[in-house]
Amino acid sequence: MQSRSAPLPHISHSTITRRSFTGLAGLAGTTATAALAGCGSEDTSKNLDTLQVWGGVPPENGPQALVDHFMEKHPDRKVTYTRFVNDDRGNLKVNTALQGGVDIDVFFTYDSSSLAMRSYSGMAADMSNLVRRTPELEPFLDTSEPKALFDGDAITALATTKEPNFLLFNETMRKEAGLDLPVAWDLEEYLAAVRAMATEDRYGTYKLPDLPRIELGPNFWYTDDGSGSNFEDPAFLHHFELTAQMIRDGEIFPWSQVLARQIEAYQQNNFIAGDFAIWGTAPFSLRFLSDPEEYPHDFLTSCAPMPTVDGADWNSGFFGNYIQINAKSPKQELAEDFVKFWLLEGAADMAPGGKIPTLDNVDPDILLTAILGEDMETYFDVESFRRTLFEDDPKLLTDTNLTAVAEITQTYEQQRDVCWLLERSPERAIDTIHADADALIERFRED
């Protein structure tokens, strides 16, 4: 299953109130008390010599190597890494464990609603002193392009990775269609390629990129002053209309299949099976394409940048994989040492899982080899990945407003689904999202 993060992050002096998220935290605790059974009950005699770290990345994809290197450098310290599945159920389990006093010292957050709730309900410790006394961490103090979560002067989360998005091509299908591999392209050129790659036996792609994100950039769901929703912008209606039309035309997957076959969670399976030819994804997916035992295939994969939309070139990717310290942990000093190690000395260990470090402190050639694998020439058009990931310098998003983001996400996805199932017009779906989002934002601002 994919452990993909939703496009989110980077909250800086948000308009969200603590009261809002205290309520959400309480709800999580009351609706998921049983989840603690899977985590263990509260431990009143925590082992002060062992740091407990919880993350969503499988240990074999980097975390265990990083933990081992930390313990090699600090033989008097012990670290245990526990993996949770980065989905709704897994995140609820983490929230409940944090509230219930389970022995967790350091934890990772991947989606926007969890990040906001954990940070603004007091679950996460302030790491501002760690950042300010460590010169190598100075980039986390930047509030113009934030890579950290600020709550006033406090810093409660640090992004450990860059998560650029890009487009992958099945090279056999691309060459059969007679298409050039794009180095830079606009929306119309991208759509023409999708249509050219669609045949009776396959779709051009499984869904379009988030076109409003590319066009509008950070905080695209909100008006400039944050007082209301931005869904009246024509970019949203155009995205819904274009997708619905391409579903009707058989150029992208029927949304009924996307939902029924859980294609969003298992995109790699359909790409490798040849069900579609162009795949919009992020670096973490590349590990599937260099695993011939679990994912055998006989084609090369190449990489192209996201298209521009009306000249706008936001990548739609973001800084992510936020590391946080449990505010209740009695091992704050050890936790801070581990966080610093993860961001600095341990960054290269995470590359095999497709994790590009936030701080650009690993040589790109080392990263490329780690991300694509030792046999990269066997599976990838390597130069296209070098160019797209490291030479083009993708323009990543920096959201600073997450007001009512969990609730807006819910209404957005509900209306998107009925629209792309062709059961509701794009106009009605967008109007509903806009009205609901305005009401949610107003309610949260009043709180």
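The values are calculated or read from the model by the stated rules, or taken from the named source; none is laboratory data. Small disclaimer: the values here were computed from a predicted structure and weren't measured. No Cβ is skipped: glycine too gets one built from the backbone with ideal geometry, and neighbour counts run over all protein chains shown. Surface areas here come from the heavy atoms of the whole protein model, side chains and all, with no ligands, DNA or RNA. Shrake-Rupley method; radii C 1.70, N 1.55, O 1.52, S 1.80 Å.
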- Which cross-chain or sequence-distant (5 or more) residues have an amide H under 5 Å from the amide H of residue 308, H modelled 1.01 Å from N in plane? 185, 186, 187
- Message: Please state the shape class of region 183-259: rounded when a/c is under 1.5, otherwise prolate if a/b exceeds b/c and oblate if not, all from the C-alpha gyration tensor.
- Response: prolate
- Message: Taking the Cα centre as origin and putting +1 on Lys and Arg beta-carbons and -1 on Asp and Glu beta-carbons, what dipole magnitude results for the chain, to the nearest 20 debye?
- Response: 1320
- Sorted by chain and then number, the residues having a modelled amide H within less than 5 Å of the amide H of residue 222, at least 5 places away or on another chain, are 230
- Query: Could you give the accessible area per residue of region 314-447, probe 1.4 Å, as a whole number in Å²?
  - Reply: 40
- Taking the Cα-to-Cβ direction at residue 333 and at residue 383 and moving 7 Å from each Cα, how far apart do the two end points lie in nm? 5.4
- Apply the Karplus parameterisation 6.51 cos²θ - 1.76 cosθ + 1.60, with θ equal to phi minus 60°, to every residue of region 182-193 and state each ³J(HN,Hα) to the nearest whole Hz, in sequence, with x for glycine and proline. x, 9, 7, 7, 9, 4, 5, 5, 5, 4, 5, 5
- Message: Below 12 angstrom from the Cβ of residue 137, what's the summed charge of the other residues (Lys, Arg +1; Asp, Glu -1)?
- Response: 0
- Compare the peptides 48-59, 75-86 by average per-residue count of other Cβ atoms within 10 angstrom and give them in order, highest first. 48-59, 75-86
- Name the residue farthest towards the positive end of the dipole of the chain from the options 143, 332, 300, assuming +1 on Cβ of Lys and Arg, -1 on Cβ of Asp and Glu, about the Cα centre. 332
- Neighbours of residue 49 by Cβ distance under 13 Å: Lys/Arg at +1, Asp/Glu at -1, summed charge 0
- Message: Just to confirm a number: summing +1 for Lys and Arg and -1 for Asp and Glu over residues other than residue 245 whose beta-carbon lies under 14 angstrom from that of residue 245, what do you get?
- Response: -1
- Task: With the Cα gyration tensor of region 233-295 in hand, give its eigenvalues times 5 under a square root as the equivalent ellipsoid semi-axes, listed largest first in whole angstrom.
- Result: 26, 14, 10
- Using modelled amide H (1.01 Å from N, peptide plane; none on Pro or chain starts), what sits under 5 Å from the amide H of residue 380, excluding residues fewer than 5 places away? 301
- Is it possible to state the helix-based mean residue ellipticity at 222 nm for the chain, with each DSSP H run of 4+ residues giving -39500 (n - 2.57), the sum divided by total residues, to the nearest 500 deg cm²/dmol? What is it? -11500 deg cm²/dmol
- Can you pull the percent of region 336-414's accessible area that's carbon plus sulfur, 1.4 Å probe, other chains left in place? 44
- Using only Cα atoms, locate the centre of region 262-294 and the centre of region 347-420, then give the distance between them in Å, rounded to an integer. 14
- Karplus (6.51, -1.76, 1.60) ³J(HN,Hα), θ = phi - 60°, over region 271-279, in Hz, Gly and Pro reported as x: 5, 5, 6, x, 6, 8, 9, 10, 10
- Any chance you could count the Lys pairs in the chain whose alpha carbons are under 14 Å apart, treating pairs 8 or more apart or on different chains as valid? 9
- Item | Antiparallel content of DSSP bridges confined to the chain, in %, to 5 | 65
- Query: In nm, to one decimal, how far is the modelled label at residue 447 from the one at residue 225, with both set 7 Å along Cα→Cβ?
  - Reply: 2.3
- Roughly to the nearest percent, how much of the accessible area of region 136-294 is carbon and sulfur, given a 1.4 Å probe? 43
- Query: Short version: ³J(HN,Hα) in whole Hz for each residue of region 114-125, in order, from phi by Karplus 6.51 cos²θ - 1.76 cosθ + 1.60 (θ = phi - 60°), x for Gly and Pro, what are they?
  - Reply: 5, 4, 5, 5, 5, 7, 8, 9, x, 6, 9, 7
- Message: Over the chain, what is the relative contact order in percent, taking alpha-carbon pairs closer than 8 angstrom and at least six residues apart?
- Response: 26
